[in-house]
Amino acid sequence: MSGKTLYDKLWDSHLVQQRDDGSALIYIDLQLLHEVTSPQAFEGLRLAGRKPWRVSSSLATPDHNVPTTQKERVDGVNGIEDPVSKIQVTTLDDNCNEFGITEFNMKDIRQGIVHVVGPEQGATLPGMTVVCGDSHTSTHGAFGALAHGIGTSEVEHVLATQCLVQKKSRNMLVRVDGELSPWVSAKDVVLAIIGAIGTAGGTGYAIEFGGTGIQSLSMEGRMTVCNMAIEAGARVGLIAVDDTTIDYVKGRPYAPKGAHWDMAVEAWRDLVSDKDAQFDEVVVLKSEDIKPQVTWGTSPEMVIAIDEPIPRAEDQTDPVKKEGYARAWKYMGLEGKTTLADVTLDRVFIGSCTNSRIEDLRIAADVVKGRKVASSLKQAIVVPGSGLVKAQAEKEGLHTIFEAAGLEWREPGCSMCLAMNADKLGAGEHCASTSNRNFEGRQGFGGRTHLVSPAMAAAAAIAGHFVDVSEFVKH
Amino acid sequence: MRPFTKHTGLAAPLDLANVDTDMIIPKQFLKSIKRTGFGKNLFDELRYEDEGQPDQECTGRPVREDFVLNMPRYQGASVLLARQNFGCGSSREHAPWALDDYGFRSVIAPSFADIFYNNCFKNGLLPIVLAPEEVDQLFAEVAAKEGAEVVVDLEAQTVTSPSGEVFEFLVDTFRKHCLLNGLDDIGLTLQQEDSIHRFEEKRMAAAPWLFLSREQ
């Protein structure tokens, strides 16, 4: 019998009940909650007269539609100008109070994007099952945790039963071999992976990311990679536990302490795929082939290296692809353009659950330091992932570097990644964004998103158009 | 949940691959704290010329005449024909809520994104995977004849095309059971309360650090 994959191990250790039809009842260790996908779940509990199974397994914070300007944030939830957003955030506060769930509200320095906050607090731990009503929950797989997004009915199901009805996914290994080039980041790696396997390439799979190119990444880089597993169609992204994982977790507020810590570390050391484990699918990329990436279209798979020409619809043979490319060209307004350097940018967004952690801000600050954003730009904003990331950045003086260069320094939240708050693109505007989705209208009605790494976004902000950051920093 | 047994309805063909949930229901409508009322904003950006706002009255908004759901012949459609990877992206359950609220009972496509597929079953909306050539045939038949209806029979696990051709589809036994009977799966899971408690005790012994209360 062959060995187990990391995914198999996590699945087996959480299996409450296997059903005959292949579905199973899986135990959930941690549920993260935010204001957008939880109100109907709490309402469902109330209507049925149910209580949460185990309140200590939940952690909540508002993130999706909180405003990010100082002006709207000084007064906490009361400062939200949009009345509909305000009701939603207030509803989260009320529900957490009513059911006794720990919440980092808008006045709490620990508030931020759920996928930044969970790991930062040590609430996310190796070996856990983690769910949240948000598809980017795959982020937490970076810790060797089984983590995925769920819908609101499932949020309610987990609150009420501590379990989820699931069907086991198949195993895919995506290996990235070799050392990454300077200025090629985790974001470029994951965009290159999505470009290689497509947005549905991982559907039905749990993807484990491995190889030296992944192992050499910091925890923050690993979170960026797992975060976008869903953009390749896989609900679950995973990375094996190693010293990098354990060192990151140690000492965090909710991390185990004392004897529990020793016991936990011993258990976590086994959170790797066995040497003889069989994967249903293996994809291999070479690090040396990965260059800074930029998306040109309206799906994350529509991605190219910065030095490549924009692919044309007429060169595609697959009719579905041809039509999709033609539609994307039109929506993105690419007629007459050959490369992405030809696109004049209107806005730059550095933030989101993909790229708003301290290392992301450090590298962006490094690129813009002593420079000025292009005068053609309407706006460039930096939105830290949490209050604590913001505080750390300010301690390091990063905010003054950004502001001196002409970028706005904001309060934490999801912000322009999905534009539920006031931070959005106007119709036809091009944005260099460190977020995760370039769908039509994602960042605002008619807005045109190009996904990039923080370093690439920072360089683009200065140049006013896309440039290869590894060349840019030489000048 | 409303049960789904057998449904006969007008089919509307949405000939677009990789339709994401942002497209199905744009973010500004996710601010609602209710499960209903999303139908008027289903496919908002494809359907209307202007940018929709929450709580806005939609009659009188400028519509995109060439969008399938705006064509007179597809008014009242209750089965959506779609292309590959339908429902990709965000996990928002507002997507199936919007489809359901609009009046759709079933979506037929060659493939679906996982989370969306899952979410449909919780809302009495039946997602059906058919082979690409079968979906092609349904698109062709529906385009050929105005008012073409398809029959979706969950009990028999079949889709009958307007010309009478029968296609079989697969569905998990448990999901089928819940949908046929309109069962609340929380209630069903809670019948396993003892198993969950037993598992929890075992897990608590193996990983006690996961069960500490959170100090504020």
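The values are calculated or read from the model by the stated rules, or taken from the named source; none is laboratory data. Since the structure is predicted, the reported quantities are computational estimates derived from the model, not experimental observations. Every residue, glycine as well, gets a Cβ built from its backbone with ideal geometry; the counts of neighbours run over all protein chains shown. The protein model used for the area step is the full one, side chains on, heavy atoms only, and it has no ligands, DNA or RNA in it. Shrake-Rupley method; radii C 1.70, N 1.55, O 1.52, S 1.80 Å.
Highest mobility in the GNM of chain B, judged by mean-square fluctuation with C-alpha springs under 10 Å and restricted to B:Asp194, B:Asp44, B:Asp136, is found for B:Asp194. In a fully extended conformation the segment linking B:Asp50 and B:Thr173 would gain 39.9 nm over its present Cα-Cα distance, using 0.36 nm per residue.
Its relative contact order, with pairs defined as Cα atoms under 8 Å and 6+ residues apart, puts chain A at 17 percent.
Inter-chain Cβ neighbour count for B:202-210, averaged per residue, equals 6 (cutoff 10 Å, partner chain atoms only).
Give the average, rounded to an integer, of partner chain Cβ atoms located within 10 angstrom of each Cβ in A:36-44.
On the way: counts 8, 6, 1, 5, 8, 2, 1, 3, 3.
Mean partner shielding for this stretch: 4.
Of all lysines in the structure, those lying under 18 Å Cα to Cα from B:Lys202, and not within fewer than 8 positions of it along the same chain, are A:Lys9.
Using only atoms on other chains, find how many Cβ atoms lie within 10 Å of each Cβ of peptide B:106-118 and report the average.
Values: counts 0, 0, 0, 0, 0, 4, 2, 8, 15, 10, 2, 2, 10.
Mean partner-chain Cβ count within 10 Å for B:106-118: 4.
Chain A: longest stretch without exposed GluC sites (Glu not before Pro) (DSSP loop, at most 15 other Cβ within 10 Å), sites themselves excluded? Numbers along the way, then the final one.
Details: sites that count: A:Glu81, A:Glu179, A:Glu335, A:Glu396.
It works out to A:180-334.
Computed from Cα positions, the angle between helix B:132-144 and the longest principal axis of chain B comes to roughly 40 degrees. In the elastic network of chain B, a GNM with C-alpha springs shorter than 10 Å, the most mobile of B:Asn70, B:Asn123, B:Asn41 is B:Asn70. Solvent-accessible surface of protein heavy atoms, probed at 1.4 angstrom with all chains present, puts B:Asp50, A:Asp318 in the order A:Asp318, B:Asp50, largest first. Normalised by the number of residues in the stretch A:168-289, the mean separation of alpha-carbon contacts (under 8 Å, six or more apart) gives a relative contact order of 39 percent.
Remark: for residue pairs A:Lys187/A:Lys321; A:Lys107/A:Lys395; A:Lys167/B:Lys34, the C-alpha separation exceeds 22 Å in A:Lys187/A:Lys321; A:Lys167/B:Lys34. Taken across both chains, chains B and A shield about 6100 Å² of accessible surface from a 1.4 Å probe.
Label separation (A:Thr212 vs A:Glu403): 4.4 nm, computed from points 7 Å beyond Cα along the C-beta direction. Straight Cα distances below 26 angstrom link B:Lys40 to the lysines A:Lys86, A:Lys424, B:Lys6, B:Lys27, B:Lys31, B:Lys122, with same-chain residues fewer than 8 positions distant left out.
The alpha carbon centroids of the stretch B:152-195 and the stretch A:386-446 are separated by 43 Å.
If a/c stays under 1.5 just call it rounded; otherwise compare a/b with b/c (prolate if a/b is bigger, oblate if not). Do that for chain B, with a ≥ b ≥ c from the square roots of the Cα gyration tensor eigenvalues. Write down the numbers at each step before the final one.
On the way: a/c = 2.42, a/b = 1.45, b/c = 1.67.
Since a/c reaches 1.5 but b/c is at least a/b, the shape of chain B is classed as oblate.
A crude spin-label estimate for the pair A:Ser375 and A:Asp243, with each label 7 Å from Cα along the Cβ direction, gives 5.2 nm. State whether the stretch B:1-100 is rounded, prolate or oblate according to the following rule on the C-alpha gyration tensor (a ≥ b ≥ c being the square roots of its eigenvalues): a/c under 1.5 gives rounded; otherwise a/b larger than b/c gives prolate, and the remaining case gives oblate. Since a/c stays below 1.5, the shape of the stretch B:1-100 is classed as rounded.
Here the 3J(HN,Hα) profile of the stretch A:122-131, calculated from phi with Karplus coefficients 6.51, -1.76 and 1.60 at θ = phi - 60°, is x, 6, 7, 10, x, x, 7, 9, 10, 10 Hz, Gly and Pro shown as x.
If R0 is 25 Å, what FRET efficiency do you get for A:Glu396 and A:Lys71 from their C-beta distance, rounded to 0.05? Mind showing how you got there, number by number?
Numbers: r = 25 Å, r/R0 = 0.99.
Between A:Glu396 and A:Lys71 the formula returns 0.50.
Give me the percent of the accessible area of the stretch A:168-289 that comes from carbon and sulfur atoms, probe 1.4 Å, all protein chains in place. Walk me through the numbers before you get to the answer.
Values: 2320 of 4800 Å².
With neighbouring chains kept in place, the figure for the stretch A:168-289 is 48 percent.
Within chain B, what's the longest run with no GluC sites (Glu not before Pro) in a DSSP loop and at most 11 other beta-carbon atoms within 10 Å? Give the range, please.
Numbers: sites that count: B:Glu49, B:Glu57, B:Glu65, B:Glu146, B:Glu155, B:Glu215.
The longest such stretch corresponds to B:66-145.
By a 1.4 Å probe calculation restricted to protein chains, A:His465 has an accessible surface near 60 Å², given to the nearest 10. Per-residue SASA remark: A:Asp315, around 110 Å² accessible (1.4 Å probe; ligands, DNA and RNA not included). How much FRET efficiency would the formula 1/(1 + (r/R0)^6) give for A:Val265 and A:Arg50, where r is the Cβ-Cβ distance and R0 is 45 Å, rounded to 0.05? So the FRET efficiency works out to roughly 0.80. Using the Cβ-Cβ distance between A:Glu81 and B:Lys34 with R0 set to 22 Å, the FRET efficiency works out to roughly 0.50. In this rough spin-label picture, where each label sits 7 Å from Cα along the Cβ direction, the A:Val282-A:Leu15 distance is 2.4 nm. For the stretch A:287-328 versus the stretch B:47-83, the inter-centroid distance based on Cα atoms is 30 Å. The mean sequence distance of close C-alpha pairs (under 8 Å, at least 6 residues apart), as a share of the length of chain B, puts its relative contact order at 25 percent. Note on B:Phe29: accessible area is roughly 10 Å² with a 1.4 Å probe, heavy atoms of protein only.
Let a ≥ b ≥ c be the square roots of the eigenvalues of the Cα gyration tensor of the protein assembly as shown; is it rounded (a/c under 1.5), or, if not, prolate (a/b larger than b/c) or oblate?
Working: a/c = 1.38, a/b = 1.08, b/c = 1.27.
In terms of gyration-tensor shape, rounded.
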